[in-house]
Amino acid sequence: MSLFQQLLSHTPIWVWVLMVFLITRGIAAMKPGETSLPALAIVPAVFAAWGVWSISHRYGASWSAWGEWLVGVGAGTGLGWLLLRRARVAMNRATGRLWRSADYSLLPLLLITFLVKYGFETALAVSPALSANSGFSAAYLLLSGGFTGIFIGRYCRYLSAARLEGSTRMGAAG
């Protein structure tokens, strides 16, 4: 059996469901439209839950592992905030929904994030000893946290724009 076939057969179904879900979210973001803040929170919540589960499963209560992941989350949050600095956002006060401009960066970002996390998770599943390798572990934790933080930062930017006082047409997010 080839490596590709082994990867496909040993990957849990939920991973493929998640990939399809992320692709549909990325495609939907390419069209401007109204959405809710809870809907925008789904992607950051999914990646945060995946990160927390992965770290708990592989590193337990290791302060250094959690610290590295949180450093990545912090850096990624700042980057995610900056990525939406030119987004157009308006709050429809009547419906409580947020109008946002088309976002062509979300789909590639979701795919890259998924592939990086999938690659690290696959490497760790094939060779669990890699979790004890400090270089591999640092790369995994910082990147995993960084990607999670990007989605948290993007959500925080939308949240900030939605909460701004003033006119219903807010202009640039944040």
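Placing dummy labels 7 Å off each Cα toward the beta-carbon, the span from residue 118 to residue 134 is 3.3 nm.
Simple rule: put +1 on each Lys or Arg Cβ and -1 on each Asp or Glu Cβ in the chain, find the dipole, and look at 7, 105, 74; the Cα lying farthest toward the positive end is 105. Computed from the alpha carbon positions, the gyration tensor of the chain leads to an equivalent ellipsoid with semi-axes of 33, 19, 12 Å, biggest first. Taking other residues whose beta carbon is less than 15 angstrom from the beta carbon of residue 48, and scoring Lys, Arg as +1 and Asp, Glu as -1, yields +2. Rounding to the nearest 10 and keeping the result within 0 to 90°, find how far the Cα-based axis of helix 13-28 lies from the longest principal axis of the chain. Compared with the principal axis, the helix lies near 30 degrees. Subtracting the Cα-Cα distance of residue 41 and residue 127 from 0.36 nm times their residue separation leaves 27.7 nm of extension gain. When you restrict to C-alpha pairs under 8 Å that are six or more residues apart and normalise by the size of the chain, the relative contact order lands at 37 percent.
Where a number appears in this text, it was derived from the coordinates with a stated rule and is not lab data. Given the structure is predicted, the values throughout are model-derived calculations rather than measurements. Cβ: placed from backbone, ideal geometry, glycine included. Neighbour counts: every protein chain shown.
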